[in-house]
Structures are given as C-alpha cells and as structure tokens.
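Asker: Right, I'll just put the structure down here and ask away after.
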Amino acid sequence: MNEKLKELMQIIDKNFVLIHEILDTKTLSLDDDYTKINHTYYTMFCSHYESFFILINNNHFSSAILLLRTMLELYVKSFYLEFIEKEKNTKILDFVDDKKQFPKFFDMVKKLEQHTDKSGAKFNGVFQQFTKSKLASYENFSLFSHGKGEYLRASFMHNKLSYTSQQILDVVTTAKGLFETFSLLIFYIQGFHDDLKDVINELRK
C-alpha cells in the first residue's frame, strides 16, 4: 500500500469514527417510512463500507469493486426516494416488497440532477459524475462485475489480478465521498442541523 493510500485510509477511519460517535449520541426519528428506509439503506451502506476497507487492506481489490457497486446503488436510491418519490408520497413498502420497481440507475441520476428544492438549490453534478459522460463509475463497476471493462484489462494483459495504484486510489476516494455525503443526508433528514454544520467543517479540514 503506497503512502497516498495509507494517508487516505487514515482520514477515512478518522471521519468514520467522528460521524458515528455523533450519531451514537442521538435518538433517531424513525416515525415514517421515508426516514426508516433511508436509515436502513445507510446502515447497510456502512456495513458494506467497513467490509470494503477490510478487502482493500487485504489486497482483495476485485471484491472491493463489486461491493462498491452495491454501495453506489444504495446511495443513489436513498437520495432518489428522499428527493423524488417523497414528493409524490409513494408507498415505500411497494419498493421493499417489489411491487414497484426503481427506475434504471441513470434515470434516477437524471431525475436527481433535474431536481430543484424550494430554495432553488440543485445537486449541480453530484450525481452526474457517476455517468458515462463523466467518471463513469457505475458503468465501470458494472462492466467489471460482468467480466469486462477497464478494471479487467490490466489483469488480462498481465495474466494475473493487477491494478494500478491510481485505480485503487480512485476507487477508495469514491467510497470515501459516498460515505461522507450519505452521512450528511442522514443528518439533514434527521434535522441535526448544528451537527451537520460541524461535520461539514470537520470534513473540510
């Protein structure tokens, strides 16, 4: 593990502890299905996040990529439910019970990018970055899960599992960003506004 990755992993560990130490002192409001589904998705995400870094630390990068694809889907679905479906008062259990299907990943991303809240604020590329026209994260992770694409090429060329330091660093950086912004969503949904400001300030250091 190179020095840049070691440093990044230390920051990730510090921020994970910081955020959960705050959340552990709070009584979460789970009195409606939207807060409950976002809390459920976040809990699942954090469990995957911890497993992701165990895999990275043990050089199981291939498995880490596949897990990150699932994490990215949970992340986008959580924002999609909160900002798109909530306005329509859609029944959450319809999604949970598979009576209603989520739109395709890129359709959810498009709707989120088009969303404007009451104050006029927009996401301004937060979700667009995962699409083919930008970083293409979701496409690259999905291609790899189907045995093709950028992350498979190096292994194919060298006849062994092989990834560049930059590829690993980029994937870990993506996971870090997802965790931090997902956590901010939870603070926002729960109405922990003072803590939200404090966490944002800490993350900027």
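Bear in mind that the values in this text are calculations on the coordinates, not laboratory data. Remember, it's a predicted structure, so these values are computed and weren't measured experimentally. Glycine gets a Cβ as well: all are built from the backbone with ideal geometry, and neighbour counts include every protein chain shown.
Asker: With percent of Cα pairs over 31 Å apart defined as stated, name the option among (1) 41; (2) 21; (3) 15 computed from the structure displayed.
Answerer: (2)
Asker: Something else about it: List the trypsin sites (Lys or Arg not before Pro) within the stretch 109-178 that fall in a DSSP loop (any state other than H, G, I, E or B) and whose Cβ has at most 15 other Cβ atoms within 10 Å.
Answerer: Passing sites in the stretch 109-178 are K118, K132, K134, K148, K160.
Asker: Continuing with the same structure: Sort the stretch 1-110 into rounded, prolate or oblate with this rule: let a ≥ b ≥ c be the square roots of the eigenvalues of the Cα gyration tensor; rounded if a/c is under 1.5, and if a/c is not under 1.5, prolate when a/b is larger than b/c, oblate otherwise.
Answerer: oblate
Asker: For I84, I168, what ranking results if the residue with the fewest other Cβ atoms within 10 Å of its Cβ goes first?
Answerer: I84, I168
Asker: Quick test of the membrane-span-like rule: which DSSP H helices of the chain reach at least 18 Å along their long axis (C-alpha atoms) with mean Kyte hydropathy at least 0.5?
Answerer: Once both thresholds are applied, what remains is 61-80, 165-190.
Asker: Given K26/K91; K77/K104; K77/K122; K88/K118, which pairs have Cα atoms separated by over 20 Å?
Answerer: Long pairs (Cα-Cα over 20 Å): K26/K91.
Asker: Separate question: Please report Rg (one decimal) and Dmax (integer) in Å for the Cα set of the stretch 91-205.
Answerer: Gyration radius and largest Cα-Cα distance of the stretch 91-205: 17.9, 54 Å.
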